[in-house]
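Worksheet: one structure, shown below.
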Amino acid sequence: MIYYVEDDKNIRDLATYALKQAGFEVVSFSCAKDFEDACAKELPSLVLLDIMLPDKDGLEILSELRLDPATRRLPVMMLTAKGSEVDKASGLDMGADDYLAKPFGLMELVSRVRALLRRAEAPAIAVSGKCRCGEITLDAEARAVIVDGRPVSLTLKEFDLLHMLMSNSGHVLSRATLLESVWGWDFAGNTRTVDAHVQTLRQKLASALPEAASMIQTVRGVGYILRS
């Protein structure tokens, strides 16, 4: 079951029709309230979510879904006219699994939905509870980072990026590897997304301990490595 929240009737009807023709069961909503009422009765397998809605911002809905244990891992794709790189990065950092800017092709929408559902059905990969590199301690289960005894607040993608680097401490990871591991193989962005997140990650680590930022080193022409 797919829930689609979109206030533009023409877009909603077209996308719903295309998904149903592809064999998906879809229920569409024009506002957040109707969507939330439906979720209270039955959770979907995937959510397609517009940002600019009449009663509640789509990013606010996304944030609430990620805070609720019942929907924390529910696949969510943002479908919105706000398609700048900054908007995409913001949506993905808040926990969206994919981001498709309007106007979008219906065939691409169907393909992305299929890809998201395949990933959601894949078995979960176990991660270690805690790892430590120098003065940086990361708790995967609590999604907490402590640097030199001080908590550091990271976005979802910054945390996953740091976790990937720490789990492979001492090994060079290419930008392509980081992009696939953190954002997913079907992410439509490019490796500049990795560079931008490494930059903000370094800044946040440095705010707690200046030396911590230098632990993430750039390997020219390849990617990044975290050294203790």
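The values are calculated or read from the model by the stated rules, or taken from the named source; none is laboratory data. What you see is a predicted model, and the numbers here were worked out from it, not measured in a lab. Here the Cβ positions follow ideal geometry from the backbone for every residue, glycine too, while neighbour counts run over all protein chains shown. Side chains are part of the model used for accessible areas, which takes the heavy atoms of the whole protein and leaves out ligands, DNA and RNA. Shrake-Rupley method; radii C 1.70, N 1.55, O 1.52, S 1.80 Å.
Given the pairs K41/K88; K9/K102; K130/K157; K88/K157, which are separated by over 20 angstrom at their Cα positions? Could you put the intermediate results ahead of the total?
Details: K41/K88 30 Å; K9/K102 14 Å; K130/K157 18 Å; K88/K157 12 Å.
Violating the 20 Å limit, Cα to Cα: K41/K88.
Listed highest first by mean packing, meaning other Cβ atoms within 10 Å per residue, what order do 159-165, 16-22 come in? Don't skip to the end; give the middle numbers.
Details: 159-165: 21.4, 16-22: 15.0.
Descending packing order for the listed peptides: 159-165, 16-22.
Provide the solvent-accessible area of S111, counting protein heavy atoms only and rolling a 1.4 Å probe, rounded to the nearest 10 Å².
Its accessible surface works out to 70 Å², give or take rounding.
Which of these, L48, L106, L205, has the largest mean-square fluctuation under a Gaussian network model of the chain (Cα springs below 10 Å)?
L106
Give the range of the longest stretch in the chain that excludes all GluC sites (Glu not before Pro) found in loop regions by DSSP and having at most 14 other beta-carbon atoms within 10 Å.
Numbers: sites that count: E25, E42, E141.
Between exposed loop sites, the widest span is 43-140.
Give the accessible area for D68 in Å² (nearest 10); use a 1.4 Å probe, count only protein heavy atoms, and leave out ligands, DNA and RNA.
70 Å²
Residue separation times 0.36 nm, minus the C-alpha to C-alpha distance between M107 and D34: what's the value? Don't skip to the answer; put the middle values down first.
On the way: separation 73, 0.36 × 73 = 26.28 nm, distance 2.70 nm.
Between M107 and D34, full extension yields an extra 23.6 nm.
So for the chain: antiparallel DSSP bridges make up what percent, rounded to the nearest 5?
About 50 percent, rounded to the nearest 5.
With +1 assigned to the C-beta of every Lys and Arg and -1 to the C-beta of every Asp and Glu, and no other charges, what is the dipole magnitude of the chain about the Cα centre in debye, to the nearest 20? List each step's numbers first, then the result.
Numbers: 27 positive and 32 negative charges, 158 e Å.
Taking the Cα centre of the chain as origin, the dipole is about 760 debye.
With viscosity set to 1.567 mPa s at 4 °C, what whole-number translational diffusion coefficient in µm²/s follows for the chain from Stokes-Einstein and a Kirkwood radius over Cα pairs? Could the numbers behind the result be given before it?
Numbers: Rh = 18.8 Å.
The Stokes-Einstein estimate is 69 µm²/s.
Report the paramagnetic label zone for A70: residues of region 18-49 whose backbone N is under 18 Å from a point 7 Å from Cα along the Cα-to-Cβ axis.
Once the point is set 7 Å along Cα→Cβ of A70, 32-48 turn out to lie under 18 Å by backbone N, inside region 18-49.
Could you give the C-alpha radius of gyration of region 1-98 expressed as a fraction of 2.2 N^0.38 Å, taking N as the number of residues it contains?
Working: Rg = 12.6 Å, N = 98, 2.2 N^0.38 = 12.6 Å.
Dividing the Cα Rg of region 1-98 by 2.2 N^0.38 Å gives 1.00.
If each residue of separation counts as 0.36 nm, what is the full-extension length gain between V219 and Q199 once their alpha-carbon separation is subtracted?
Numbers: separation 20, 0.36 × 20 = 7.20 nm, distance 1.41 nm.
Using 0.36 nm per residue and subtracting the Cα-Cα distance, I get 5.8 nm.
Taking the Cα atoms of region 143-228, report the difference between the largest and smallest coordinate on each principal axis, in whole Å and largest first.
Principal extents (Cα only, largest first): 36, 24, 20 Å.
Students often forget the sequence filter, so: which aspartates and glutamates lie under 16 Å Cα-Cα from K56 once same-chain residues fewer than 8 apart are removed?
E6, D7, D8, D34, E36, D37, E64
How many Å² of accessible area per residue for the chain, probe 1.4 Å? Walk me through the numbers before you get to the answer.
Details: 11670 Å² over 228 residues.
Per residue, the chain has an accessible area of 51 Å².
Loop-only check: which trypsin sites (Lys or Arg not before Pro) in region 137-228 are DSSP coil with at most 14 other Cβ within 10 angstrom?
Details: sites: R143, K157, R175, R192, R202, K204, R220, R227; in loops: R143, R220, R227.
Qualifying residues, ordered by number: R143, R220, R227.
Skipping prolines and chain starts, which residues have an amide H placed within reach, meaning under 5 Å, of the one on L46, given they are 5 or more residues away or on another chain?
Long-range HN contacts for L46: Y3.
Give the angle, between 0 and 90 degrees and rounded to the nearest 10, that separates the Cα long axis of helix 9-21 from the longest principal axis of the Cα atoms of the chain.
Approximately 90 degrees, to the nearest 10.
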